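Following: one structure in structure tokens, then a few remarks.
The values are calculated or read from the model by the stated rules, or taken from the named source; none is laboratory data. These numbers come from a predicted model, not from an experiment. For neighbour counting, all protein chains shown are included, and Cβ atoms are generated from backbone atoms with ideal geometry for every residue, glycine included. In case anyone asks, the SASA skips ligands and DNA or RNA and just uses the protein heavy atoms, side chains included. Shrake-Rupley method; radii C 1.70, N 1.55, O 1.52, S 1.80 Å.
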Amino acid sequence: MTAVQVSTLLMTTLLGVGLFFFIRAASKDRTQQRRYQVGIPMGTLGPQLYGYAQSHGFRLQGQDEQQRAVFVGMAQPSEFLAVFLSLLTLVGVSCGVMVIRSLYPSLGGIPWLLVVLAPWAGAAYRRRMQRQEMLKIWLGEGEQGSLLHLEGQRDELDRLEAYLGLS
């Protein structure tokens, strides 16, 4: 095997490892905390938060030790991201197959059987996203309205922020 072939195989292997970890990172737990000063009174904001949580599949579980309302629901995978990851894997595996075929032409079309791995990425993402998700909310009185402390998944907090018109 020549130096060019070895370096090509090594670079392709490293790209494959990168693709694998990119797929794993897509379903990583991204819990964040955010704080807001909201100009809406607590009496109005509380029911809005409760309505949002219920409309997004969360149910009130109770309070934690810090007196935050704890809502529990199931994380929902993004179908777009599942398809995107499968297509990205298809492209990555196809490139890998072309490298293998150029290095080992005697294998013929057998390496192309590896493309059946592409749907695995979307399925793995969906499976990893099937987990329980928590949304913790603390609401208090502030000088200029309400103080709102949130803890939850980044995407869920982004949706809640847009729903309430926060920035």
Residues satisfying the stated conditions in the range 33-76, i.e. basic (Lys, Arg), surrounded by fewer than 15 Cβ atoms within 10 Å (Cβ to Cβ) and within 15 Å of residue 138 (Cα to Cα): 35
For residue 124: the one exception among (1) free of Cβ contacts under 8 Å to residues at least 60 places away in the same chain; (2) closer than 22 Å to residue 23 by Cα; (3) not β-branched (Val, Ile, Thr): (1)
Every pair of residues 6+ apart whose Cβ atoms lie under 9 Å, when the first sits in the range 1-12 and is within 16 Å of residue 95 (Cα to Cα) and assigned to a helix (DSSP H, G or I) while the second is open to solvent by 60 Å² or more (accessible area, probe 1.4 Å) and of a type in the set (Gly, Ala, Ser): 5/102; 8/102
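Restricted to the range 11-32, and to residues that are among the hydrophobic types (A, V, I, L, M, F, W, C) and over 19 Å from residue 75 (Cα atoms), which residue is surrounded by the most Cβ atoms within 10 Å (Cβ to Cβ)? So that I can check it myself, show each step before the final result.
Taking the range 11-32 as the starting set, the residues that turn out to be among the hydrophobic types (A, V, I, L, M, F, W, C) are 11, 14-15, 17, 19-23, 25-26.
Then drop every residue that is not over 19 Å from residue 75 (Cα atoms), which leaves 11, 14-15, 17, 19-22.
Working: 11: 11, 14: 10, 15: 14, 17: 10, 19: 19, 20: 14, 21: 10, 22: 14.
Among them, the one singled out is 19.
Yes/no matrix, rows are residues, columns are (1) under 22 Å from residue 9 (Cα atoms); (2) out of contact with any Asp or Glu (no Cβ under 8 Å at 6 or more places or on another chain); (3) open to solvent by less than 60 Å² (accessible area, probe 1.4 Å):
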{"position": "79", "(1), (2), (3)": "no, yes, no"}
{"position": "82", "(1), (2), (3)": "no, yes, yes"}
{"position": "101", "(1), (2), (3)": "yes, yes, no"}
{"position": "123", "(1), (2), (3)": "no, yes, yes"}
{"position": "129", "(1), (2), (3)": "no, yes, yes"}
{"position": "140", "(1), (2), (3)": "no, yes, yes"}
{"position": "143", "(1), (2), (3)": "no, yes, no"}
{"position": "158", "(1), (2), (3)": "no, yes, no"}
Flag for residue 91 being open to solvent by 30 Å² or more (accessible area, probe 1.4 Å), assigned to a helix (DSSP H, G or I) and under 23 Å from residue 14 (Cβ atoms): yes
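On the basis of being within 31 Å of the chain's Cα centre (by Cα) and crowded, with 16+ Cβ neighbours inside 10 Å, does residue 116 make the cut?
On the way: within 31 Å of the chain's Cα centre (by Cα): yes; crowded, with 16+ Cβ neighbours inside 10 Å: no.
Here the answer is no, as residue 116 does not meet what is asked.
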Selection count, the range 101-113, where residues are in a helix (DSSP H, G or I) and free of Cβ contacts under 8 Å to residues at least 12 places away in the same chain: 6
